[in-house]
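First the structure, in the form of structure tokens, and then the observations on it.
The values are calculated or read from the model by the stated rules, or taken from the named source; none is laboratory data. Computed from a prediction, not measured in an experiment: that's the story for all the values here. Here Cβ is always computed from backbone atoms with ideal geometry, including for glycine, and neighbour counts include all displayed protein chains.
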Amino acid sequence: MKVVIIGGGWAGCSAAITAKKAGAEVHLYERTDLLLGLGNVGGIMRNNGRFTAAEELIEMGAGELIGITDELSRHKNIDFPGHKHAWLYDVNKIEPVVKDLLQDMGINIHLVARVTDVMLENHQIKGIYIENEELVEGDVFIETTGSTGPMGNCLKYGNGCAMCILRCPAFGPRVSLSARAGIEDFQGEREDGSLGAFSGSCKLSKESLSQEIKEKLDKEGVVIINIPPEDVNIDKLKSKVCQQYALKEFAENIILLDTGSAKLMTTYYPLEKLRKLKGLEKAKYIDPYAGGKGNSIRYLSMAPRTDDMKVKGIDNMFCAGEKSGLFVGHTEAIATGALAGHNAVRYALGIPLLILPSSTAIGDIISYANYKLLSRKGRKNRYTFAGAEYFERMNKLGLYTTNIEEIKNRVRKLNLNDILSQKLI
Ligand SMILES: Cc1cc2nc3c(=O)[nH]c(=O)nc-3n(C[C@H](O)[C@H](O)[C@H](O)COP(=O)(O)OP(=O)(O)OC[C@H]3O[C@@H](n4cnc5c(N)ncnc54)[C@H](O)[C@@H]3O)c2cc1C
């Protein structure tokens with residue numbers, strides 16, 4: 001059985017692992033020369049409800065990627081405004097480690113392989129076309145192309161191509177394969193009704209910061225610097241993807257986190273203003289390169305799906321990560337990817353698909369985000385274990401806990417322990 005995955009971000013890598021463990025031959029196609037997509041620039045794990053979700057994943061048998069992010073954490077259990085017990089993985093070291101794991105597992109990775117179209121017959125995908133027009137056939141397909149770009153979207157809904165990690169000018173634009181198969185995409189909205197949202201953080205070169213800031217970042221993981229009142233821009237918070245950081249503390253302060261580079265927790269911030277701050281006089285953006293003016297635009301392309309991650313209207317296509325809803329985060333991409341990979345194999349074998357119950361945080365966010373997509377108001381929100389609306393819900397429902405035994409018991413009582421590492425073939 002051949003499972004074909006399109007998009008090698010956290011969601012695609014996670015889907016590849018569970019599909020492989022279920023016994024399929026797995027091929028992963030990625031348009032750039034790096035796996036992990038946006039995972040090469042984020043780094044924050046285990047903050048707030050992401051801790052619970054990470055432990056659920058481990059107990060369900062899909063802990064490999066969490067194991068790597070834990071292992072490569074530069075800082076553990078740090079707090080910053082609105083966020084508790086965050087772990088920060090090193091974004092400059094993570095990609096080759098994940099690539100090695102996938103290769104060691106026998107997953108076939110195809111880099112610089114942009115998928116441009118699908119071959120469809122009676123609601124079934126027969127194959128995908130790679131840019132050079134090669135046709136790749138398969139039994140089941142999983143789309144994990146994210147929601148960022150193509151460049152035209154960053155021009156139309158943002159401040160231009162910000163030269164982000166996805167590097168569209170060189171590797172070519174994202175393609176929505178479910179849309180190519182005739183299924184209309186959903187789009188996320190901002191508070192004012194405009195489409196998409198700005199990515200909410202940038203990276204500065206640590207070498208461009210003062211020695212004092214650099215040392216504090218290395219030692220403590222966080223540096224908070226007050227912004228002069230004339231430069232505070234509260235309104236900008238509304239345009240951000242990451243509503244979990246749309247708190248006034250993030251407008252009134254520059255918050256820097258150490259992820260190998262210095263992660264600046266705001267979307268585009270003019271360089272001239274940034275350099276007014278003590279210690280940042282020589283600051284330089286390294287992601288996106290145009291971080292003083294713009295950032296990437298996301299959430300313009302989500303596929304309608306059921307809670308087992310199957311794309312509605314196509315028999316043999318699944319989706320995960322940002323492509324599968326207004327999800328923000330690595331943990332969210334890994335969790336949805338793990339379920340999609342496992343279910344792809346169940347589908348091909350003709351056995352019932354797994355839907356995770358709402359008594360788990362992962363099952364609940366998958367169904368809640370899906371339900372919320374139906375309303376315009378719901379499309380203005382993003383869904384993450386880390387904060388904003390969904391973390392409030394986790395608290396209200398008693399789903400949030402950092403008690404590992406309690407999380408394990410929750411999963412075991414449902415007989416879901418190791419379910420995602422089951423060999424089905
Ligand atoms: C600047 C920034 C900082 C962030 N920081 C954090 C953080 O600290 N913590 C956190 O949890 N989350 C963070 N996020 C959010 C998080 O990174 C994403 O929500 C998550 O990684 C999305 O994963 P994904 O696999 O769904 O999509 P992506 O990472 O977008 O991956 C999609 C992949 O598909 C590929 N692709 C697209 N089209 C094609 C095609 N046609 N053919 C082949 N390949 C294709 C792309 O090249 C890409 O590699 C951040 C996001 C950004 C932009």
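Selection of segment 137-155 for residues being more than 14 Å from Arg180 (Cβ to Cβ) and touching a residue at least 40 places away in the same chain (Cβ under 8 Å) yields Glu137, Gly138, Asp139, Val140, Ile142, Thr144, Gly146, Ser147, Thr148, Gly149, Asn153, Cys154. Selection of segment 280-291 for residues being in contact with a Lys or Arg (Cβ under 9 Å, 6 or more places away or on another chain) and either more than 13 Å from the ligand (Cβ to nearest atom) or among the polar types (S, T, N, Q) (or both) yields Glu281, Lys282, Ala283. Does Leu72 satisfy the criteria of being surrounded by fewer than 24 Cβ atoms within 10 Å (Cβ to Cβ), of a type in the set (A, V, I, L, M, F, W, C) and under 16 Å from the mean Cα position of the chain (by Cα)? So Leu72 does not fit the description; no. A search for C-beta distances below 8 Å between a residue of segment 41-59 that is more than 25 Å from Gly291 (Cβ to Cβ) and at pLDDT 95 or above and any residue that is among the acidic types (Asp, Glu) and within 8 Å of the ligand (Cβ to nearest atom), counting only pairs 6+ apart in sequence or on different chains, returns Ala53/Glu332.
Within segment 186-208, is there a residue that is in a helix (DSSP H, G or I) and closer than 21 Å to Gly82 by Cα? Within segment 186-208 (the criterion being in a helix (DSSP H, G or I) and closer than 21 Å to Gly82 by Cα), the answer is no, since none of the residues qualifies. The set of residues in segment 315-361 that are part of a helix (DSSP H, G or I) and closer than 21 Å to Gly188 by Cα comprises Gly321, Glu322, Lys323, Ser324, His330, Thr331, Glu332, Ala333, Ile334, Ala335, Thr336, Gly337. Just give me the residues in segment 191-229 being closer than 30 Å to Gly325 by Cα and surrounded by fewer than 18 Cβ atoms within 10 Å (Cβ to Cβ), in sequence order. Residues satisfying the conditions are Glu191, Asp192, Gly193, Ser194, Leu195. Can you find a residue in segment 316-337 that is away from the ligand (no atom under 14 Å from the Cβ), under 30 Å from Ile419 (Cβ atoms) and surrounded by fewer than 23 Cβ atoms within 10 Å (Cβ to Cβ)? Looking for residues that are away from the ligand (no atom under 14 Å from the Cβ), under 30 Å from Ile419 (Cβ atoms) and surrounded by fewer than 23 Cβ atoms within 10 Å (Cβ to Cβ), one finds at least one in segment 316-337, hence yes. The lone criterion from (1) in a helix (DSSP H, G or I); (2) among the charged types (D, E, K, R); (3) in contact (Cβ under 8 Å) with a residue 24 or more places away in the chain left unmet by Glu406 is number (3).
Looking across segment 132-151 at every residue that is at pLDDT 95 or above and more than 17 Å from the chain's Cα centre (by Cα), the one that is farthest from the ligand (Cβ to nearest atom) is identified as Asp139.
Considering only residues that are in contact (Cβ under 8 Å) with a residue 24 or more places away in the chain and of a type in the set (A, V, I, L, M, F, W, C), look in segment 364-385 and name the one that is farthest from Leu57 (Cα to Cα). Going through the qualifying residues, I end up with Leu373. Selection within segment 165-174: residues that are more than 7 Å from the ligand (Cβ to nearest atom) and assigned to a loop (DSSP other than H, G, I, E, B). The member of this set that is surrounded by the most Cβ atoms within 10 Å (Cβ to Cβ) is Ile165. Going by the conditions given, is Asp90 among the acidic types (Asp, Glu), within 14 Å of the ligand (Cβ to nearest atom) and at pLDDT 95 or above? So Asp90 fits the description; yes. On the phi > 0 side of the Ramachandran plot, surrounded by fewer than 22 Cβ atoms within 10 Å (Cβ to Cβ) and at pLDDT 95 or above - does that describe any residue in segment 274-287? Taking every residue of segment 274-287 in turn, at least one turns out to be on the phi > 0 side of the Ramachandran plot, surrounded by fewer than 22 Cβ atoms within 10 Å (Cβ to Cβ) and at pLDDT 95 or above. All conditions but one from (1) part of a loop (DSSP other than H, G, I, E, B); (2) in contact with a Gly (Cβ under 9 Å, 6 or more places away or on another chain) apply to Asn132; the one that does not is (2). Within segment 377-403, being on the phi > 0 side of the Ramachandran plot and either among the charged types (D, E, K, R) or in a helix (DSSP H, G or I) (or both) holds for one residue alone: Ala388.
Of Leu353, Leu399, all but one fail to be hydrophobic (A, V, I, L, M, F, W, C) and without any contact (Cβ under 8 Å) to a residue 60 or more places away in the chain; the exception is Leu353.
When Leu177 is tested against (1) more than 8 Å from the ligand (Cβ to nearest atom); (2) at pLDDT 95 or above, just one condition goes unmet, and that condition is (1).
Is there a residue in segment 50-58 that is near the ligand (Cβ under 9 Å from one of its atoms) and over 26 Å from Ile419 (Cα atoms)? No, the conditions are met nowhere in segment 50-58.
Filtering segment 90-99 for residues that are of a type in the set (Lys, Arg), out of contact with any strand residue (DSSP E or B) (no Cβ under 6 Å at 6 or more places or on another chain) and either within 22 Å of Leu256 (Cα to Cα) or free of Cβ contacts under 8 Å to residues at least 60 places away in the same chain (or both) leaves a non-empty set.
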